[in-house]
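The values are calculated or read from the model by the stated rules, or taken from the named source; none is laboratory data. Keep in mind that what you see is a predicted model, and the values were worked out from it rather than measured. With ideal geometry, Cβ positions are generated from the backbone for all residues, glycine too; neighbour counts draw on all protein chains shown. To get the accessible areas, we keep the full protein, side chains included, count just its heavy atoms, and leave off ligands, DNA and RNA. Shrake-Rupley method; radii C 1.70, N 1.55, O 1.52, S 1.80 Å.
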Amino acid sequence: MNDANREWNEHYANQSKMTNFQTGAQRFSVQKNTDQMLQNLISGNVERFNDQLNCLQFPPESTILDIGAGPGTLAVPLTAAGCRVTAVEPAPPMHEAMAEYKKIKGVSADIPIIAKVWEDVNFDEVGQFDYVVSSFAMSVPDLKEALLKMNAVARKEVHIFWFLIDPPWGRINEALWTKLHSEEYYGRPTADLIWSALYQTGIYANLEVLPLCDSHFYETFEEVLEEYADRLAAKEDWQIEIVEDYLKRTFKETPGKGFGLPEDGLYVHIWWKK
């Protein structure tokens, strides 16, 4: 068996050298990206979160550390269910979005925020929680270090959600990146490496495969083009033409909803007891 941690870390290092590479924290420090994520959540387009909540049936008063909490996709409903949630979320616009989502959901309880990326959080400052949750927040430079820290922080269980295959929007990057930038594309390392890295450290985790129901709709094609030109760092006219041609063949218009991608992604729920 290959060294899963080394494979993940090398992939991340190569990814970070790509043109205009952005971490998740950097991407969601841009207000418009956070606004779009919150709007998708409010409008009910983040369909997967019901499946995730079904996986996270924690008793009321449980203490939970939600790593990469975003606008409170899981933190807010878990708080509403009586849990005491602390969020690890580095992007300031996401803090504002979480406050807004709390208001919308009628949640008044405090959700303390540690404004750092997980790799910069020290065990001594965070302490221990009954449960640790990481939902699509595993973009870390050292996989083993991140996993062992989660294991150390949890008293009872750790729950990780991550991509099993690249999602539809990621496959657009893979199809076009080399044409646009004449360099190799490195997408997200996949969940098999997480499970293997756990196994290689002596943690024998459970794994469940789930459908990635996460609809992203845009009112106009112009919005689609703007979004993906930004994602693909396409700035020259010839680059934008390539992106536009591909998107016209990929996105489908649904009456009453707008332009969206086919939903054929898969992700996994990896979890283990202490």
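Annotation note: of 144, 149, the sole residue that is free of Cβ contacts under 8 Å to residues at least 40 places away in the same chain and either surrounded by 19 or more Cβ atoms within 10 Å (Cβ to Cβ) or assigned to a helix (DSSP H, G or I) (or both) is 149.
State which residue is nearest to the chain's Cα centre (by Cα) when the search covers only the stretch 67-82 and only residues that are surrounded by fewer than 20 Cβ atoms within 10 Å (Cβ to Cβ) and not in a helix (DSSP H, G or I). Applying the filter and picking the extreme gives 81. Count, please, the residues in the stretch 152-176 that happen to be open to solvent by 10 Å² or more (accessible area, probe 1.4 Å), in contact (Cβ under 8 Å) with a residue 40 or more places away in the chain and either assigned to a strand (DSSP E or B) or out of contact with any helix residue (DSSP H, G or I) (no Cβ under 7 Å at 6 or more places or on another chain) (or both). Residues in the stretch 152-176 being open to solvent by 10 Å² or more (accessible area, probe 1.4 Å), in contact (Cβ under 8 Å) with a residue 40 or more places away in the chain and either assigned to a strand (DSSP E or B) or out of contact with any helix residue (DSSP H, G or I) (no Cβ under 7 Å at 6 or more places or on another chain) (or both): 7 in total.
Of the residues that sit in the stretch 178-190 and are part of a helix (DSSP H, G or I), in contact (Cβ under 8 Å) with a residue 12 or more places away in the chain and open to solvent by 10 Å² or more (accessible area, probe 1.4 Å), which one is farthest from residue 119 (Cα to Cα)? For the stretch 178-190, the residue satisfying everything is 179. Taking every residue in the stretch 224-237 that is touching a residue at least 24 places away in the same chain (Cβ under 8 Å) and outside any helix (DSSP H, G or I) and pairing it with any residue that is of a type in the set (A, V, I, L, M, F, W, C) and surrounded by 14 or more Cβ atoms within 10 Å (Cβ to Cβ), at least 6 positions away or on another chain, the pairs with Cβ-Cβ distances below 7 Å are 232/176; 232/177; 232/180; 232/243; 234/180; 234/240; 234/243. Being more than 16 Å from residue 129 (Cα to Cα), β-branched (Val, Ile, Thr), modelled with pLDDT of 95 or more and buried (at least 16 other Cβ atoms within 10 Å of the Cβ): is that true of residue 85 here? No: the conditions fail for residue 85. Residue 131 meets all of the listed conditions (1) more than 23 Å from residue 22 (Cα to Cα); (2) under 20 Å from the mean Cα position of the chain (by Cα); (3) part of a loop (DSSP other than H, G, I, E, B) but one, namely (3). Scanning the stretch 108-128 for residues that are in contact (Cβ under 8 Å) with a residue 12 or more places away in the chain and either assigned to a loop (DSSP other than H, G, I, E, B) or under 15 Å from the mean Cα position of the chain (by Cα) (or both) returns 109, 111, 112, 115, 116, 117, 118, 121, 127, 128. Taking the stretch 1-66 as the region of interest, the helices (runs of 4 or more DSSP H) fully inside it that hold 1 or more residues being more than 15 Å from the chain's Cα centre (by Cα) are 4-16, 31-42, 48-55. Selection of the stretch 129-141 for residues being in contact with a strand residue (DSSP E or B) (Cβ under 9 Å, 6 or more places away or on another chain) and either open to solvent by 30 Å² or more (accessible area, probe 1.4 Å) or free of Cβ contacts under 8 Å to residues at least 12 places away in the same chain (or both) yields only 136.
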